[in-house]
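Quick notes on the structure that follows.
The values are calculated or read from the model by the stated rules, or taken from the named source; none is laboratory data. Quick caveat, the model's predicted, so the values are computed rather than measured. Quick reminder, even Gly has a Cβ in these numbers, built from the backbone with ideal geometry, and neighbours come from all protein chains shown. Areas reflect the complete protein model, heavy atoms only, side chains present, ligands, DNA and RNA absent. Shrake-Rupley method; radii C 1.70, N 1.55, O 1.52, S 1.80 Å.
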Amino acid sequence: MSQILTDYQGRGVRLTDERLAHILLHPEMANMEKEIAITLRNPQAVRKSRNDENVCLNYRYYLGTQVGDKWLCVVVKYIETDAFVITAYLTDKQKKGEQIWP
Amino acid sequence: MALTLKIWYDKEADFLEVIFSDKAGYMRETDHDGIMERIDEEGNILGFSVMQVSHLSTEKPLIAELVGKVQGG
């Protein structure tokens, strides 16, 4: 089963139950399901992965997470007829790579 | 002391994660763009992740330096 989230350009992005369960298993992510959707819809920055040109990294900064003030990164793969969340995690800084939004 | 590993692989996402500890933590980039280390707030390594696993070379090893502290080290 999957839920369909919406990205900052209005595109549908699949988040499978299996992926979500794995993401939420990390203790610091346990209560951040809503923030994953918010970050995808309203990122403060979107970067293209240098490792895979079809992958975008959506970032939004959150204060007071379980591990302090951190960026939430939602990693999405876009292919011709599909888009899906690969993973989501907290990180201390944005990865290098072309910023494509804003 | 024995170290328990948890290894997750998502075939569709082509994403691998290896977890040494279930503690809360965050991801930090390494010198390899496809590899991230997972560390706690004290800088101890809790695991690592690899993107695009199926694209790895069969002839050369994937090498990245994890700079976090090894727990107990």
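Some observations on this one:
- Count of region A:37-66 residues which are assigned to a loop (DSSP other than H, G, I, E, B), within 14 Å of another protein chain (Cβ to nearest Cβ), in contact (Cβ under 8 Å) with a residue 24 or more places away in the chain and surrounded by fewer than 17 Cβ atoms within 10 Å (Cβ to Cβ): 2
- When B:Glu17, B:Glu12 are screened for being assigned to a loop (DSSP other than H, G, I, E, B), at pLDDT 90 or above and either closer than 18 Å to A:Leu57 by Cα or of a type outside the set (A, V, I, L, M) (or both), only B:Glu12 passes.
- The single condition among (1) under 26 Å from A:Arg14 (Cβ atoms); (2) out of contact with any Leu (no Cβ under 6 Å at 6 or more places or on another chain); (3) open to solvent by less than 100 Å² (accessible area, probe 1.4 Å) that B:Lys11 does not meet is (3).
- Being in contact with a Ser or Thr (Cβ under 9 Å, 6 or more places away or on another chain), within 8 Å of chain A (Cβ to nearest Cβ) and either surrounded by fewer than 21 Cβ atoms within 10 Å (Cβ to Cβ) or at pLDDT 95 or above (or both) holds for only one residue in B:Asp40, B:Asp22, and it is B:Asp40.
- Within region B:43-64, tally of residues that are open to solvent by less than 20 Å² (accessible area, probe 1.4 Å) and part of a loop (DSSP other than H, G, I, E, B): 1
- All positions within region A:2-31 that are more than 14 Å from chain B (Cβ to nearest Cβ) and either open to solvent by 40 Å² or more (accessible area, probe 1.4 Å) or farther than 26 Å from B:Gly34 by Cβ (or both): A:Gln3, A:Ile4, A:Thr6, A:Gln9, A:Gly10, A:Arg11, A:Gly12
- Put simply, of A:Lys34, A:Lys93 the only residue that is surrounded by fewer than 20 Cβ atoms within 10 Å (Cβ to Cβ), at pLDDT below 95, of a type outside the set (Asp, Glu) and not in a strand (DSSP E or B) is A:Lys93.
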